[in-house]
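Below you'll find the structure, written out as structure tokens, and then a few comments.
The values are calculated or read from the model by the stated rules, or taken from the named source; none is laboratory data. These numbers were taken from a predicted model, which means no experiment stands behind them. Here Cβ is always computed from backbone atoms with ideal geometry, including for glycine, and neighbour counts include all displayed protein chains. Quick note on the areas: whole protein, heavy atoms, side chains included, nothing else; ligands and nucleic acids left out. Shrake-Rupley method; radii C 1.70, N 1.55, O 1.52, S 1.80 Å.
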Amino acid sequence: MTSLYVTTAIPYVNAPPHLGHALELVQADVLARHARLRGRPARFLTGTDDNALKNVTAARAAGVPVAEFVDRNAARFRDLRGPLSLSFDDFIRTSADERHRSGVTALWRACAARGDFYLREYRGLYCGGCEQFWAAAELVDGRCPEHGVAPAPVTERNWFFRLSRYQEQILALLESGALSVEPAARREEVLAFVRAGLADLSVSRPASRAGGWGIPVPDDPGQIIYVWWDALANYLTALEGADYDRWWAAGSVERTHVIGKGITRFHAVYWPALLLSAGRPRPDRILVHDYLTVDGAKLSKSAGHAVDPVDLAARYGPDALRWWLLSEVAPLGDTDFTESRLIRRADQDLANGLGNLVNRTLTLAHRHRQGLLPGTPEALSPDLPATIDRAVAAFDLRAATGAIREAVTTANRYLDYRRPWELPPSFDTTLATVVATCRRIATELTPFLPDAATRLKSQLGSGPQVGTPTPAFRRLS
Ligand SMILES: [Zn+2]
């Protein structure tokens with residue numbers, strides 16, 4: 001059985017976390033928890049990209065020293081753990097963690113020893129929001145396709161990485177599926193980008209432009225390492241000593257990155273090329289989510305508490321927030337968030353659906369059998385675990401949660417059809433069947449709603465005696 005190493009992208013800390021960060025963290029959390037539920041060892045890493053120039057810009061605008069500004073915002077990302085019920089095993093910070101700094105330096109030296117760097121005068125169009133140069137042909141009406149602003153012309157002397165050397169190897173990895181990119185539409189986009197030809201990549205910046213913030217180029221302290229080169233390395237620098245062997249170098253690990261669609265080429269092209277150059281193993285899977293909008297507007301542009309995941313979790317609870325992110329967000333295409341959609345989905349599926357099913361079942365058990373079940377019949381929906389496994393493997397978490405909703409509907413229909421409250425001769429079998437089904441659903445719910453699953457499992461018990469019914473979900477509307 002392969003083990004799973006799963007990561008999120010590390011966000012810039014120029015602003016507090018928003019709902020889009022919550023989406024990615026919850027998705028990666030589900031993958032880690034699902035693996036653990038199936039008995040696969042899993043390690044889940046997240047963290048923050050402290051070294052981006054835009055953090056420096058934001059700190060200056062706020063009139064706060066960069067290190068202090070970055071510490072404060074990084075803590076807000078780390079503190080999402082409680083409100084979102086996350087199970088990450090490690091949290092890396094690219095400015096504060098010495099393991100990162102020394103790891104990046106070692107990777108740089110490995111690529112340098114390979115002869116993959118050279119110095120060159122460079123003129124290009126730079127988007128500070130993306131922290132990348134754009135080719136004129138890639139702009140939309142002269143503007144960055146991600147940020148809608150015109151990139152600034154920049155001329156500087158930088159270190160370049162011989163990305164062009166790795167064109168054929170990267171193409172082969174993507175075409176063969178040895179490096180898989182899901183969904184398929186994202187794979188096609190990145191294939192088209194590689195087939196159009198890979199140009200060498202600028203991988204350093206003058207230290208003066210960054211006010212000295214960042215990781216210096218080894219043996220060239222006038223330059224700092226390009227923030228993307230630095231940031232991508234976190235997946236590896238987080239793993240030291242035996243952890244590196246166990247979670248990255250071993251043949252039995254599935255190395256998985258969960259990312260947003262705007263940074264696919266960094267993960268599916270630049271990162272594997274860097275690793276090929278450094279002689280390290282490459283990732284196996286890149287799982288790409290689309291974006292959330294809020295009331296139709298791009299998240300980064302929306303302000304206020306409507307997109308603050310901590311505030312949403314405080315008002316509606318982690319279960320309702322996670323359930324919306326997992327059951328309504330489309331695998332492909334942007335999804336619009338509104339609070340009314342979150343409330344409707346939670347009330348329909350959780351309070352009225354699953355909560356009601358468990359409640360009516362346990363009420364019957366206590367009213368007529370003092371909570372004691374006869375026998376152990378088969379649960380309904382025997383295919384539920386396999387259906388969830390397939391959906392999770394395809395990174396279609398909407399389909400995975402849909403399978404749970406389907407199983408709840410099946411059990412509720414079964415109760416309506418068998419009418420155990422009329423005390424027919426089939427009462428005991430019906431009751432025991434539905435209790436077994438609820439237990440199966442509660443177990444399968446664990447990766448998606450760990451808190452709710454714990455509450456339900458404690459009510460349902462595991463032996464012949466079931467607990468007393470208490471509403472597992474409050475109605476939000
Ligand atoms: Zn941009």
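Here are the numbers:
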item	result
Residue within the range 79-93 that is within 16 Å of the ligand (Cβ to nearest atom) and either modelled with pLDDT of 95 or more or surrounded by 13 or more Cβ atoms within 10 Å (Cβ to Cβ) (or both) present	no
Per-region count, the range 145-170, residues within 16 Å of the ligand (Cβ to nearest atom) and either surrounded by 12 or more Cβ atoms within 10 Å (Cβ to Cβ) or under 27 Å from residue 291 (Cβ atoms) (or both)	9
Test for residue 204: is it open to solvent by less than 50 Å² (accessible area, probe 1.4 Å) and more than 16 Å from the ligand (Cβ to nearest atom)	yes
Qualifying residues in the range 100-127 (those that are away from the ligand (no atom under 16 Å from the Cβ), within 25 Å of residue 9 (Cβ to Cβ) and aromatic (Phe, Trp, Tyr)) - the one least open to solvent (accessible area, probe 1.4 Å)	108
Search result, residues across the range 103-127 that are aliphatic (A, V, I, L, M) and in a strand (DSSP E or B)	119, 125
The range 173-197, residues that are outside any helix (DSSP H, G or I) and under 24 Å from residue 255 (Cα atoms)	177, 178, 179, 180, 181, 182, 183
Residue within the range 417-435 that is under 32 Å from the mean Cα position of the chain (by Cα) and among the polar types (S, T, N, Q) present	no
Residue ID - farthest from the ligand (Cβ to nearest atom), chosen from residues in the range 128-144 that are under 25 Å from residue 51 (Cβ atoms) and part of a loop (DSSP other than H, G, I, E, B)	135
Residue identified as open to solvent by 40 Å² or more (accessible area, probe 1.4 Å), under 26 Å from residue 1 (Cα atoms) and touching a residue at least 40 places away in the same chain (Cβ under 8 Å) among 280, 285, 265, 255	280
Among the residues listed as 405, 413, 439, the single one being among the charged types (D, E, K, R) and free of Cβ contacts under 8 Å to residues at least 40 places away in the same chain	413
Complete set of residues in the range 429-477 that are of a type in the set (Val, Ile, Thr), under 26 Å from residue 31 (Cα atoms) and touching a helix residue (DSSP H, G or I) at 6+ places or on another chain (Cβ under 6 Å)	437, 441, 446
Subset tally (residues that are open to solvent by less than 30 Å² (accessible area, probe 1.4 Å) and within 21 Å of the chain's Cα centre (by Cα)) for the range 377-409	10
Residues of the range 145-171 satisfying the condition of being over 29 Å from the mean Cα position of the chain (by Cα), in a strand (DSSP E or B) and not charged (D, E, K, R)	152, 153, 154, 155, 158, 159, 160
Qualifying residue in the range 362-376 (condition: touching a strand residue (DSSP E or B) at 6+ places or on another chain (Cβ under 7 Å) and either in contact (Cβ under 8 Å) with a residue 24 or more places away in the chain or among the polar types (S, T, N, Q) (or both))	yes
Those residues of the range 86-102 which are part of a loop (DSSP other than H, G, I, E, B) and in contact with a Leu (Cβ under 8 Å, 6 or more places away or on another chain), in sequence order	86, 88, 89
Filter result for residue 197 (among the small types (Gly, Ala, Ser), more than 16 Å from the ligand (Cβ to nearest atom) and surrounded by fewer than 17 Cβ atoms within 10 Å (Cβ to Cβ))	yes
Qualifying position, being closer than 22 Å to residue 314 by Cα and open to solvent by 30 Å² or more (accessible area, probe 1.4 Å), among 62, 15, 67	15
Residue match in the range 146-169 (condition: hydroxyl-bearing (Ser, Thr, Tyr) and at pLDDT 95 or above)	yes
Of residues in the range 14-60 being within 12 Å of the chain's Cα centre (by Cα) and among the small types (Gly, Ala, Ser), the one nearest to residue 233 (Cα to Cα)	47
Scope the range 429-477; condition among the charged types (D, E, K, R) and surrounded by 18 or more Cβ atoms within 10 Å (Cβ to Cβ); matching residues	439, 440, 444, 455
Tabulated pairs, the range 129-143, first touching a residue at least 60 places away in the same chain (Cβ under 8 Å), second within 10 Å of the ligand (Cβ to nearest atom) and open to solvent by less than 30 Å² (accessible area, probe 1.4 Å), C-beta under 7 angstrom, 6+ apart or interchain	129/144; 130/144; 133/126
Qualifying positions in the range 320-359 - closer than 18 Å to residue 447 by Cβ and of a type in the set (Phe, Trp, Tyr)	323, 324
Any pair with Cβ under 9 angstrom, 6 or more apart, that starts in the range 168-180 at a residue that is on the phi < 0 side of the Ramachandran plot and ends at one that is open to solvent by 90 Å² or more (accessible area, probe 1.4 Å)	171/195
